[in-house]
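**Student:** Sharing a structure below in C-alpha cells format, with a few things to ask.
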Amino acid sequence: MLLLALGAARSGMCAAEPEPFTATYAVEWHGITAGYSTLELKQTGPQTYTYSSHIRARGLFRIAFPDVMTQVSNLRIAEAGVQPLKYHEDDGSDDKKQDVTLDFDWDAHRVHGVNGTRPVDKPIEPGTQDPFSVQIALMRDLAAGHPPTSFLLFDKDEAKEYQYTRERTETLETPLGRLDTVVYRSDRPGSDRVTRLWLAQSLGFLPVQAERRRGHIGGGARAASRGGD
C-alpha cells in the first residue's frame, strides 16, 4: 500500500483564487519508501495555472521505474469553474505507448490529442476535467462549501463519470503536527479501482494523504514538505 503525508506548509487555498504551492511526498509501498513525488501549482497568468506531479523512484524500485514519471495539467479558473486546457502524462520511458497528450478546445467543446499512438478527437461536456485538474476542482468546491458528488473526467480517450463520496473525518499525525482531515472516496461503476484522499481544511483542502487500491493491490503516497512560491 502506498500513502501520502505532508510536511512544511504555508496558508491554504481560497475558493476564488488558488494559492500556488509546492509539496514533496514520500511514496510508500508495504511500509517501504519507494520514492518521492513533487506536487506543484504555479500561476502562469491572471486566470491560468500549471499543476504538475513528478515522481522519482529510489533504491531498488529504480530498477523497475528508472525514469521520472510526470503529469502536467495546464488549466484556467474562470466563472465557469476549473477548465483544463492541456494535459500531458509521461511514464518516463522511451516507449511512448503509455503517454497521453490532450488539448481541450472549449470554444468547439472538443478534446484533441493522442493516447499512446492512437489519435483522440471527442466532444466534451461543460465541467469535464482531466485526470489532474479534477484535484483542483475538488479542492475549490470544498473550500466554497459545495461538496461535489461526481465529476466527469476525460481519461485517456473517453469521458468517464467518477463518484465522490465523503466517508469520514480523521485526524492525522504529520510533520506539521496533528491535522484534521475529511476523507473522500473516488470510484466509478464497473471499476475495481478506488482512490481515497485525506484533505486538510486548514490547508485549503490540500490532500495530505492518499491511497489507491485496485482489487487487492493498493497504492498511494505520503507528503513530506510544502512551501509557497
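The values are calculated or read from the model by the stated rules, or taken from the named source; none is laboratory data. In this text, all values refer to a predicted model and were calculated from it rather than measured experimentally. Here Cβ is always computed from backbone atoms with ideal geometry, including for glycine, and neighbour counts include all displayed protein chains.
**Student:** Those residues that are modelled with pLDDT of 50 or more and either surrounded by fewer than 21 Cβ atoms within 10 Å (Cβ to Cβ) or more than 15 Å from the chain's Cα centre (by Cα) (or both), I need them from region 201-229; list them, please.
**Tutor:** Correct list: Q201, S202, L203, G204, E211, R212, R213, R214, G215.
**Student:** Can you confirm whether region 139-158 contains a residue that is surrounded by 14 or more Cβ atoms within 10 Å (Cβ to Cβ), out of contact with any strand residue (DSSP E or B) (no Cβ under 9 Å at 6 or more places or on another chain) and modelled with pLDDT under 95?
**Tutor:** Within region 139-158, one or more residues are surrounded by 14 or more Cβ atoms within 10 Å (Cβ to Cβ), out of contact with any strand residue (DSSP E or B) (no Cβ under 9 Å at 6 or more places or on another chain) and modelled with pLDDT under 95.
**Student:** Need a quick list: strands (runs of 3 or more DSSP E) entirely within region 85-203 having at least 3 residues that are farther than 19 Å from Y51 by Cα, of a type in the set (V, I, T) and in contact (Cβ under 8 Å) with a residue 12 or more places away in the chain.
**Tutor:** In region 85-203, the matching strands (runs of 3 or more DSSP E) lie at 158-174, 177-187.
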